[in-house]
1. So, in the range 56-80, how many residues would count as being surrounded by 20 or more Cβ atoms within 10 Å (Cβ to Cβ) and over 13 Å from the mean Cα position of the chain (by Cα)?
2. Taking the condition modelled with pLDDT under 95, aliphatic (A, V, I, L, M) and on the phi < 0 side of the Ramachandran plot, does residue 146 pass?
3. Checking residue 77 against (1) under 18 Å from residue 34 (Cα atoms); (2) at pLDDT 90 or above, which single condition isn't satisfied?
4. Could you please let me know if residue 35 is touching a Lys or Arg at 6+ places or on another chain (Cβ under 6 Å) and modelled with pLDDT under 90?
5. Hey, does the range 81-102 have a residue that's touching a strand residue (DSSP E or B) at 6+ places or on another chain (Cβ under 9 Å), among the charged types (D, E, K, R), open to solvent by 10 Å² or more (accessible area, probe 1.4 Å) and at pLDDT below 90?
6. Is it true that some residue in the range 110-129 is in a strand (DSSP E or B), modelled with pLDDT of 95 or more and buried (at least 16 other Cβ atoms within 10 Å of the Cβ)?
7. Within the range 65-118, count every residue that is over 19 Å from residue 40 (Cβ atoms) and either touching a Phe, Trp or Tyr at 6+ places or on another chain (Cβ under 7 Å) or of a type in the set (D, E, K, R) (or both).
Amino acid sequence: MKRRDFIGLEIPPILLALIWLVFGSLVTTTLAQAEDMASMISQYRRAHGLSGVSTDAGLTGIAERQARAMAMSGVMGHGVAGAFAARIAGANAGLAGENIAAGTKSFAETFRLWRSSAGHNANLLLPGATRVGIAVAYGGQTRNKAFWAMEIAGAAENRRLRRRP
């Protein structure tokens, strides 16, 4: 039996287990996938009268570390990789928010959940946001398996941090 991941590749469970044993977790967001996810977020934001967002390498790195920390610990939580304000400090972002999720099988499913949650949706529609970083990490030995993190930010002159309540 093979597992189909969010990008449509079939990965045998034994290979996922081996990757988890070697690396602890697997972050599998490629640049093309990140662009697709940013495009979905941009379309949603534009439909609500806001500017679109583009992928940002710094925010993607922060999202990758957050997703990996959650996958390795098996815990979905904003503080797993450290305090949000400390993690986002190096990203030259004054206006920032973070969404996390666990257990969903695709970004489309995760995005639907975030849109239906008031706190997550507020981050998706964060006024002034122009950049985004998104990652998913797989923790083979955890109940949730997939852990998602999205960092969204605006320019450094806007000094407001926002995390899902």
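1. Result for the range 56-80: 1.
2. Taking the combined requirement at face value, the residue satisfies it.
3. It fails just one condition, (1).
4. So residue 35 does not fit the description; no.
5. No, the range 81-102 contains no residue that is touching a strand residue (DSSP E or B) at 6+ places or on another chain (Cβ under 9 Å), among the charged types (D, E, K, R), open to solvent by 10 Å² or more (accessible area, probe 1.4 Å) and at pLDDT below 90.
6. Going through the range 110-129, the residues in a strand (DSSP E or B) turn out to be 129.
In the following step, the residues that additionally are modelled with pLDDT of 95 or more were identified as 129.
Then keep just the ones that are buried (at least 16 other Cβ atoms within 10 Å of the Cβ); that gives 129.
Yes: the range 110-129 contains one or more residues that are in a strand (DSSP E or B), modelled with pLDDT of 95 or more and buried (at least 16 other Cβ atoms within 10 Å of the Cβ).
7. Of the residues in the range 65-118, 8 are over 19 Å from residue 40 (Cβ atoms) and either touching a Phe, Trp or Tyr at 6+ places or on another chain (Cβ under 7 Å) or of a type in the set (D, E, K, R) (or both).
The values are calculated or read from the model by the stated rules, or taken from the named source; none is laboratory data. Keep in mind the model is a prediction, meaning the values are calculated, not measured. Note: ideal-geometry Cβ built from the backbone for every residue, glycine included; neighbour counts use all protein chains shown. Protein only, heavy atoms only, side chains kept; ligands, DNA and RNA dropped before computing areas. Shrake-Rupley method; radii C 1.70, N 1.55, O 1.52, S 1.80 Å.
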